Structure formats: C-alpha cells, structure tokens
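The values are calculated or read from the model by the stated rules, or taken from the named source; none is laboratory data. In this text, all values refer to a predicted model and were calculated from it rather than measured experimentally. Positions of Cβ are generated from backbone atoms using ideal geometry, with glycine treated the same way; all protein chains shown enter the neighbour counts.
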Amino acid sequence: MLSDPQSQYEAIQRREERLDGSFLTAVKTTGTYCRPSCRAKTPRTENVDFHPTAASAQLAGYRACKRSSPDAAPPARPAPGQSTLVGRAGALIEDGVVNPARTRRDQPDHDEKGSINGSARRTAPRGTI
Ligand SMILES: [Zn+2]
C-alpha cells in the first residue's frame, strides 16, 4: 500500500485500478469515500483524506461513493501478483498435484479392447508399460 498522501493523491489522479483495495479516498466536501480508480472528478488535494479500509472511512463519518462502490467486494480482476483461479489451477498442475497426463492414462484406451496386444498388456503389472 502507498503510505504517503502525496503518492496516494497522484494515484487517484491517474485513477489507478491496480491500487483498488489498497486504500480509500475520503472526500471532505462530499462526505463520501471512493476507490482510487473512481471515475468521479478528482477532488482537490486539501479536501481528501486517505483511509486503509472502508470501516476506517465510515468510522470517520464518510459514506460509500455510489459510483465506485468502495464498500463492495474487491474487483474481480486481481492485482498483479495475486493469483486467479486459473492461475492457481495452473500452479497445481506445474507442482504435480494435479496431473492431467496421468488422469488420461488411467482411462481405458482403444488398444485394451480387442487388439492382439491387448491381452498381453492387461496381464503386465501396472507401471511396466
Ligand atoms: Zn467514487
């Protein structure tokens, strides 16, 4: 999280979506708090306060901005470095926890039904093929 107000203010001027969830901007003139990426007009620097959480902003007397819904769940798009479901699945496959190739070998294939080699293969101990 950006800890200094100058960097945070620059981030809201750029409406940096990647910082959504890392801090909230409370606007003194409107009494609302926003995500950094909020499309509303960027308030003047002397009118903003930064809060780490929605709870903190609400305790300070601010209400959630209707436009950026900062009190709702974080956006679905993860910040860089955070994993997605697909990313986690890929990592499990890479780690060998899930092995699609092994799963396919366990399914009966065409050779095991009716081919000449099929009977020999069926009697071979598993793992020697
Ligand atoms: Zn907003």
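Any residue at all in region 36-55 that is aliphatic (A, V, I, L, M), more than 15 Å from the ligand (Cβ to nearest atom) and out of contact with any Ser or Thr (no Cβ under 7 Å at 6 or more places or on another chain)? Yes: region 36-55 contains one or more residues that are aliphatic (A, V, I, L, M), more than 15 Å from the ligand (Cβ to nearest atom) and out of contact with any Ser or Thr (no Cβ under 7 Å at 6 or more places or on another chain). Scanning region 7-38 for residues that are of a type in the set (A, V, I, L, M) and in contact with a strand residue (DSSP E or B) (Cβ under 9 Å, 6 or more places away or on another chain), which turns out farthest from G61 (Cα to Cα)? Filtering region 7-38 for residues that are of a type in the set (A, V, I, L, M) and in contact with a strand residue (DSSP E or B) (Cβ under 9 Å, 6 or more places away or on another chain), the one farthest from G61 (Cα to Cα) comes out as A11.
With respect to being of a type in the set (D, E, K, R) and in contact (Cβ under 8 Å) with a residue 40 or more places away in the chain, E17 fits the description.
Residue by residue, here is whether (1) touching a residue at least 40 places away in the same chain (Cβ under 8 Å); (2) surrounded by 12 or more Cβ atoms within 10 Å (Cβ to Cβ); (3) more than 15 Å from D20 (Cβ to Cβ) holds:
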| residue | (1), (2), (3) |
| --- | --- |
| Y33 | no, yes, no |
| C38 | no, yes, no |
| P52 | yes, yes, no |
| R63 | no, yes, yes |
| P70 | yes, yes, no |
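Every condition in (1) surrounded by 11 or more Cβ atoms within 10 Å (Cβ to Cβ); (2) modelled with pLDDT of 70 or more holds for T29 except the one numbered (1).
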